[in-house]
Amino acid sequence: MGRRALVILIAIVVGACSGGGGGAATLAPGASGGPRTAAPSVAVPTPQSTGGGGGGIRRTLRPSGAKVRVVNLYSSPGENPALDIYGSPAATPGLLVATVPYATVSDWFDPGILNDQGDADLTFYPAGTTEAGDRLGDQSETLKGNERITIVIAAGESTNKAGKPYAGWRTIFETDAQNPLATPPAAGTAVLFVDGLALAKTFPGSTDSFLYLGVDGKCLPSVEVGENGSPQPTGPDTFQSFIYPAGAHDLTFHITNPDCGGKGTYRSLPVDLKPGDRTFVFFYSPDGKTLQELLLPIAP
């Protein structure tokens, strides 16, 4: 089967790997479930001490002005846990900033900052766990206060002390002026940002790692190659932007080289976008055989 090189959008994506205690996790394996509505998040708590009794280091969590939302596609063998997100380097009582059920997206929340420099630290745990060995990973940033950040969390390959996969995640800065997200290249078009972080090394039920997206029998071109360019595939662990014709269409998925005129490999997905819209499409698989999608609009 022929192959076309993936054009991967990387300028606006910061890949992050979990580290603590057991080495970095790769940005890969799968998840399960189906599309869900946004899950409520926990508001930034009243500042509290992060140090325990007996004179430990004391920190407070202050409002940052930034906004973060978390996409939970993390799965470990036999379970798809909710994730607790803490605004500190550990599971500090009082500094839980969000709890995100599996296959959902949290509401926007303020991650909080720990000092005058604007340093923020979000740490991920399976919901209800707090021991250091349960930690799945953490993302540190120095915030200016005007950021809007989406973090998608999936499972990595190495395991923590509790025997669970460390997290692998992608941090997407939606309002980064230096590395902005792509915008529709022409009137009457929209953009789909397709993310395969939560998939294994091949597509569900297949040995192939290339997938073409189709609308009305035509494969979608990427924003990078333009409307008149050749169709571009996407794949597991990639982040790719596609030009989408505005309006209501059935988005089809094709493992082929590249031919989107026939029946799709998986069920189609109804997508209705207005001109100028931009939307994330996060892939995941509940069983390694079926492809699921979670749609998440990007605010103007």
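The values are calculated or read from the model by the stated rules, or taken from the named source; none is laboratory data. Remember, it's a predicted structure, so these values are computed and weren't measured experimentally. Please note: Cβ atoms are built from the backbone with ideal geometry, for glycine as well, and neighbour counts cover all protein chains shown.
A few points about this structure:
- Residue check, Pro286 within 17 Å of Thr202 (Cβ to Cβ), in contact (Cβ under 8 Å) with a residue 60 or more places away in the chain and surrounded by 19 or more Cβ atoms within 10 Å (Cβ to Cβ): no
- Qualifying residue in the stretch 233-241 (condition: charged (D, E, K, R), out of contact with any strand residue (DSSP E or B) (no Cβ under 8 Å at 6 or more places or on another chain) and assigned to a loop (DSSP other than H, G, I, E, B)): yes
- For the stretch 104-124, the set of residues classified as of a type in the set (A, V, I, L, M, F, W, C) and over 17 Å from the mean Cα position of the chain (by Cα) consists of Ile113, Leu114, Ala120, listed by residue number.
- Every residue from the stretch 214-249 that is buried (at least 21 other Cβ atoms within 10 Å of the Cβ) and in contact with a Cys (Cβ under 7 Å, 6 or more places away or on another chain): Gly214
- Members of the stretch 250-263 that are of a type outside the set (Val, Ile, Thr) and either surrounded by fewer than 19 Cβ atoms within 10 Å (Cβ to Cβ) or closer than 25 Å to Lys274 by Cβ (or both): Asp250, Leu251, Phe253, Asn257, Asp259, Cys260, Gly261, Gly262, Lys263
- Residue ID - farthest from Thr279 (Cα to Cα), chosen from residues in the stretch 163-177 that are of a type in the set (A, V, I, L, M) and touching a strand residue (DSSP E or B) at 6+ places or on another chain (Cβ under 9 Å): Ala167
- Residue ranges of strands (runs of 3 or more DSSP E) in the stretch 63-132 with at least 1 members free of Cβ contacts under 8 Å to residues at least 40 places away in the same chain and more than 20 Å from Thr159 (Cβ to Cβ): 83-86, 119-126
- Unique match (being over 27 Å from Leu73 (Cβ atoms), touching a His at 6+ places or on another chain (Cβ under 8 Å) and of a type outside the set (A, V, I, L, M, F, W, C)) among Gly262, Gly229, Gly247: Gly262
- Taken residue by residue, the stretch 111-120 has at least one member that is surrounded by fewer than 20 Cβ atoms within 10 Å (Cβ to Cβ), polar (S, T, N, Q) and either assigned by TED's automatic domain parsing to the domain that holds Asp237 or touching a strand residue (DSSP E or B) at 6+ places or on another chain (Cβ under 8 Å) (or both).
- Filter pass, Thr279 being crowded, with 18+ Cβ neighbours inside 10 Å, touching a Leu at 6+ places or on another chain (Cβ under 9 Å) and among the polar types (S, T, N, Q): no
Residue by residue, here is whether (1) in the same structural domain as Leu220 (by TED's automatic domain parsing); (2) at pLDDT 95 or above; (3) assigned to a strand (DSSP E or B) holds:
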site	(1), (2), (3)
Val152	no, yes, yes
Ala155	no, no, yes
Lys161	no, no, no
Gln178	no, no, no
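- Every residue from the stretch 181-213 that is surrounded by fewer than 22 Cβ atoms within 10 Å (Cβ to Cβ) and under 20 Å from Leu291 (Cα atoms): Ala200, Lys201, Thr202, Pro204, Gly205, Ser206, Thr207, Asp208, Ser209
- Taken over the stretch 129-166, the residue count meeting the criterion of being touching a helix residue (DSSP H, G or I) at 6+ places or on another chain (Cβ under 8 Å), surrounded by 20 or more Cβ atoms within 10 Å (Cβ to Cβ) and charged (D, E, K, R) is 1.
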